[in-house]
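**Student:** Please read through the structure below; I'll follow up with questions.
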Amino acid sequence: MTEPNAAAAVSTTNLVEYTVSELAFALKKTVEDAFGLVRLRGEISGFRGQHASGHCYFVLKDEKATIEAVVWRSSFAKLKFKPEEGLEVIATGRITTYPDRSKYQIVIDQIEPAGIGALMALLEQRKKMLAAEGLFDEARKRPLPYLPRIVGVVTSPTGAVIRDILHRLYDRFPCHVLVWPVRVQGETCAGEVSAAIGGFNTLVLGGPVPRPDLIIVARGGGSLEDLWGFNEEIVARAVAASAIPLISAVGHETDWTIIDLVADWRAPTPTAAAERAVPVRAELHIQVTGFGLRGASCLRRLMEGQRNLLQAFIRALPRKADILALPRQRFDGAAGRLPRALHANAHAHRVQLARSASRLGPHLLRGASTAGRHRLINLDRSGARALSSLVARSRQRLDTNTQLLASLGYHNVLARGFTLVRDADGRMIRRAAEVSAHERLDIEFADGHVSAEAEGSERKPVASPKRTRKRGSENQGTLL
């Protein structure tokens, strides 16, 4: 028993010893060398969109197994079809391991739908989601302008579609066309189309680039994969958010995409979109001419009817001779009576004048003159008496005021020995503080005026009166 145990111990000690990291990375290298590039078919599960880092993680599964999948941020931007929950796809990538969790996974570089059935299932799922949001409702669709001035076209500038649209617009009604070039196929198609629709809507009325009145999104026919860019959700939401009416002309008449359901009007072909965008100019001219002829005809009929009505009114009115017969008769009667009336009126005034003249005579004027002379004499006498009385009363009032002035005037005060002092400007001085040095003063006495000059010392003048010397009637003096 001891010999086998010893042999087993010897064989165990001869095995190569690995660390966990060495074994994990050795397995990683072995798996990557064995499965460097694989195509894997399965259903996407657990997809939650891009991670904050930009990478994408989900699971590919079938009926019996699952495998972890990762799409790096650099590869996700290049994917033609973006991964969606429940979509059956064929993923191209390489198998690797994740040593931190001891599991294997596929790093995906490309994804494509697993046949038309997968695309149709994804399309139906997307239609249901957008329809539930109301993007297909007829109530939100705007009416197309009858005659747009500017038409914006979103399409490839090198294809036959733009030439068909321009040719058809020129034949029907030439107008200004703005072309926004985009790719109508490939992985960048959806982003460019949605950016073009948004770009047309951001144009300002009256700006350097005119804002279109109508947008046409056009593309020729193709397979479901070729038209898939017009089934993307970003394009549908851009069309729904457009404030400018939009016509969808993607594919042939049998091709239907999501943009056709969201657009305000769906054209079966690009040529049909151009026909719906503008009317036929010749037909419009004929229609306008017809309206003009109908209007002129209606106006003629109206004028003829009004003329007939006026003539009927004229026939109902009386004749001019009948209207003027009675006034003319009255005028003739008045004219016949006028000479007799003038003679009678003159005779009446003559009789009245004779009666008035008989009552007039010199005695009437003589009596009135005598009475007026007596009144004038009386008024003259009473006026002389009143004037004498007024003069006497005024003289008495003047004497009284004179006596009052003599008793209240300052001359009586001067006569008692007081004086009145004024400065050079004639203003009366009441206080000694008001006198400046060397100031010219005028001193008034009861019998005359004396000029004086204030003393030049710094002391203030004394309020008590000073003696002055008089020289005749014109006295000169100096205030000491």
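**Student:** Looking only at the stretch 45-76, count how many residues are under 53 Å from the mean Cα position of the chain (by Cα), aliphatic (A, V, I, L, M) and under 16 Å from Thr92 (Cα atoms).
**Tutor:** The first filter runs over the stretch 45-76 and keeps only residues under 53 Å from the mean Cα position of the chain (by Cα), leaving 46-58, 71-76.
Adding the requirement that they be aliphatic (A, V, I, L, M) leaves 52, 71.
Still in the running and under 16 Å from Thr92 (Cα atoms): 71.
Within the stretch 45-76, residues that are under 53 Å from the mean Cα position of the chain (by Cα), aliphatic (A, V, I, L, M) and under 16 Å from Thr92 (Cα atoms) number 1.
**Student:** Moving on to the next point. Where in the stretch 400-454 are there strands (runs of 3 or more DSSP E), lying fully within it, with 1 or more residues that are in contact with a helix residue (DSSP H, G or I) (Cβ under 8 Å, 6 or more places away or on another chain)? Working first, answer last.
**Tutor:** Numbers: elements: 420-423, 440-445, 448-453.
Result: 420-423, 440-445.
Quick grid of which residues meet (1) open to solvent by 40 Å² or more (accessible area, probe 1.4 Å); (2) within 30 Å of Val20 (Cβ to Cβ):
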| position | (1), (2) |
| --- | --- |
| Thr96 | no, yes |
| Val107 | no, yes |
| Leu119 | no, no |
| Leu122 | no, no |
| Glu138 | yes, no |
| Thr155 | no, no |
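**Student:** When the stretch 434-451 is examined, which residues are found to be open to solvent by 70 Å² or more (accessible area, probe 1.4 Å) and among the acidic types (Asp, Glu)?
**Tutor:** Glu434, Asp447
**Student:** Find the helices (runs of 4 or more DSSP H) located wholly in the stretch 95-203 whose residues include 1 or more that are modelled with pLDDT of 90 or more and in contact with a Ser or Thr (Cβ under 7 Å, 6 or more places away or on another chain), and list them. Quick ask: steps written out before the conclusion?
**Tutor:** Working: elements: 116-132, 160-172, 189-202.
By residue number, 160-172, 189-202.
**Student:** Here's a follow-up. Are any residues in the stretch 223-271 farther than 17 Å from Pro145 by Cα, of a type in the set (Gly, Ala, Ser) and assigned to a loop (DSSP other than H, G, I, E, B), and if so, which ones?
**Tutor:** The answer is Ser223, Gly251.
**Student:** Here's something else I'd like to know. Regarding the stretch 288-308, can at least one residue be identified that is closer than 19 Å to Leu214 by Cβ and in a helix (DSSP H, G or I)?
**Tutor:** no
**Student:** Got a sec? Which of Arg183, Arg149, Arg168, Arg142 is open to solvent by 40 Å² or more (accessible area, probe 1.4 Å), more than 30 Å from Lys80 (Cβ to Cβ), touching a residue at least 24 places away in the same chain (Cβ under 8 Å) and over 37 Å from the mean Cα position of the chain (by Cα)?
**Tutor:** On the way: Arg183 fails: more than 30 Å from Lys80 (Cβ to Cβ); Arg149 fails: over 37 Å from the mean Cα position of the chain (by Cα); Arg142 fails: over 37 Å from the mean Cα position of the chain (by Cα).
The unique qualifying residue is Arg168.
**Student:** Another question, if that's okay. Condition first: in a strand (DSSP E or B), of a type in the set (Phe, Trp, Tyr) and open to solvent by less than 40 Å² (accessible area, probe 1.4 Å). Can you find one or more residues in the stretch 45-61 that meet it? Working first, answer last.
**Tutor:** To start, the set of residues in the stretch 45-61 that are in a strand (DSSP E or B) comprises 45, 50, 56-61.
Adding the requirement that they be of a type in the set (Phe, Trp, Tyr) leaves 57-58.
If we keep only those that are open to solvent by less than 40 Å² (accessible area, probe 1.4 Å) too, we end up with 58.
Yes; the residues of the stretch 45-61 include at least one that is in a strand (DSSP E or B), of a type in the set (Phe, Trp, Tyr) and open to solvent by less than 40 Å² (accessible area, probe 1.4 Å).
**Student:** Oh, and also: Does any residue in the stretch 13-42 that is closer than 15 Å to Asp100 by Cβ come within less than 6 Å, Cβ to Cβ, of a residue that is surrounded by 11 or more Cβ atoms within 10 Å (Cβ to Cβ) and small (Gly, Ala, Ser) six or more places away or on a different chain, and which pairs are these?
**Tutor:** As it stands, the answer is none, since no pair meets every condition given.
**Student:** Quick check on my filter: what residues within the stretch 409-426 are exposed (fewer than 10 other Cβ atoms within 10 Å of the Cβ) and of a type outside the set (Asp, Glu)?
**Tutor:** Filtering the stretch 409-426 for residues exposed (fewer than 10 other Cβ atoms within 10 Å of the Cβ) gives 416-417, 425-426.
Arg416, Gly417, Gly426, listed by residue number.
**Student:** Another question about this same structure. Could you please tell me which pairs satisfy a Cβ distance under 7 Å, a separation of 6+ or placement on different chains, a first residue in the stretch 204-231 that is under 30 Å from Gln125 (Cβ atoms), and a second residue that is assigned to a loop (DSSP other than H, G, I, E, B) and of a type in the set (Asp, Glu)?
**Tutor:** Sorted first by the residue in the stretch 204-231, then by its partner, the pairs are Gly221/Asp255; Leu227/Asp255.
**Student:** Then there is this: Among Arg281, Arg266, Arg294, Arg300, which is the only one that is in contact with a helix residue (DSSP H, G or I) (Cβ under 7 Å, 6 or more places away or on another chain), open to solvent by 40 Å² or more (accessible area, probe 1.4 Å) and farther than 30 Å from Arg126 by Cα? Spell out the reasoning first.
**Tutor:** Working: Arg266 fails: farther than 30 Å from Arg126 by Cα; Arg294 fails: in contact with a helix residue (DSSP H, G or I) (Cβ under 7 Å, 6 or more places away or on another chain); Arg300 fails: in contact with a helix residue (DSSP H, G or I) (Cβ under 7 Å, 6 or more places away or on another chain).
Sole residue among the options that is in contact with a helix residue (DSSP H, G or I) (Cβ under 7 Å, 6 or more places away or on another chain), open to solvent by 40 Å² or more (accessible area, probe 1.4 Å) and farther than 30 Å from Arg126 by Cα: Arg281.
**Student:** Further question: Restricting attention to the stretch 124-136, and to residues there that are open to solvent by 10 Å² or more (accessible area, probe 1.4 Å) and aliphatic (A, V, I, L, M), which single residue is nearest to Ala249 (Cα to Cα)? Spell out how you get there, then give the answer.
**Tutor:** Taking the stretch 124-136 first, the residues open to solvent by 10 Å² or more (accessible area, probe 1.4 Å) are 124-129, 131-136.
From the residues that got through so far, the ones that are aliphatic (A, V, I, L, M) too are 129, 131-132, 135.
Numbers: Met129: 23, Ala131: 20, Ala132: 24, Leu135: 18 Å.
Looking at the filtered set, the residue picked out is Leu135.
**Student:** Let me ask something else about it. Just one of the numbered conditions (1) surrounded by 18 or more Cβ atoms within 10 Å (Cβ to Cβ); (2) closer than 15 Å to Lys141 by Cα is not true of Ala243; which one?
**Tutor:** Unmet for Ala243, out of (1) surrounded by 18 or more Cβ atoms within 10 Å (Cβ to Cβ); (2) closer than 15 Å to Lys141 by Cα: (1).
The values are calculated or read from the model by the stated rules, or taken from the named source; none is laboratory data. Predicted, not measured: the structure shown is a model, and the values here were computed from it. Heads up, the Cβs are rebuilt from the backbone with ideal geometry, glycines too, and the neighbour counts pull from every protein chain shown. For accessibility, only protein heavy atoms count, side chains too; no ligands or nucleic acids. Shrake-Rupley method; radii C 1.70, N 1.55, O 1.52, S 1.80 Å.
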